[in-house]
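The values are calculated or read from the model by the stated rules, or taken from the named source; none is laboratory data. What you are looking at is a predicted structure, and each value in this text was computed from that prediction instead of being measured. Note: ideal-geometry Cβ built from the backbone for every residue, glycine included; neighbour counts use all protein chains shown. When the accessible area is computed, the model is the full protein with side chains, heavy atoms only, and any ligands, DNA or RNA have been set aside. Shrake-Rupley method; radii C 1.70, N 1.55, O 1.52, S 1.80 Å.
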Amino acid sequence: MYSEKVMDHFTNPRNVGEMENPSGVGTVGNAKCGDIMRIYLDIDENHIIRDCKFKTFGCGAAVATSSMATELVKGKSVEEAMKVTNKAVMEALDGLPPVKVHCSLLAEEAIHAALWDYAQKNGIEIEGLKEPKKDIHEDEEEEEY
Ligand code: FES
């Protein structure tokens, strides 16, 4: 049911850990499943993401999507990182089962939350970036009913 890439990133996740003095850090959760993801970004003076770490208290798909998301944003500018959507992460993982799509949303939102933190601290605006939610489940409910 899971692709080889998902299994690989789940059993051998990249960029796990924490960061001291990150340029931006973002934490989001999904109250429905109880999973939480935190992403740390180290961003240089040219707004390029030098390094990225994550901690995920969640399901296997959440671990795999955070791992892939950190790989995808590394080396990118903050504007380019906005294009690392949950769809892009899922594609890079060769897909996720439909019931696990929400897990990839957590990765997208955690990146946005970390970028938002960075933008706030530095008084800059990143195109297309809106203030993130702490709990992405609120959104899902609106879509479901
Ligand atoms: Fe909630 Fe995967 S089940 S993030």
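Side notes on the structure shown:
- Per-residue accessible area (protein heavy atoms, 1.4 Å probe) orders I136, I36 as I36, I136, starting from the largest.
- Listed by chain and number, the aspartates and glutamates whose C-alpha is less than 20 Å from the C-alpha of K133, apart from same-chain residues fewer than 8 away, are D35, E79, E108, E109, D117, E125, E141, E142, E143, E144.
- In this Cβ point-charge picture (+1 for Lys and Arg, -1 for Asp and Glu), the chain has a dipole of about 420 debye about its Cα centre.
- With all protein chains kept in place, the per residue accessible area of the stretch 19-103 amounts to 44 square angstrom at a probe of 1.4 angstrom.
- Qualifying GluC sites (Glu not before Pro) in the stretch 27-119, DSSP loop, other Cβ atoms within 10 Å at most 14: E45
- Pairwise FRET efficiency - D94 versus E45, Cβ, R0 = 35 Å, nearest 0.05: 0.45
- Contour excess over end-to-end distance, with Cα ends at E127 and E79 and 0.36 nm allotted per residue: 16.6 nm
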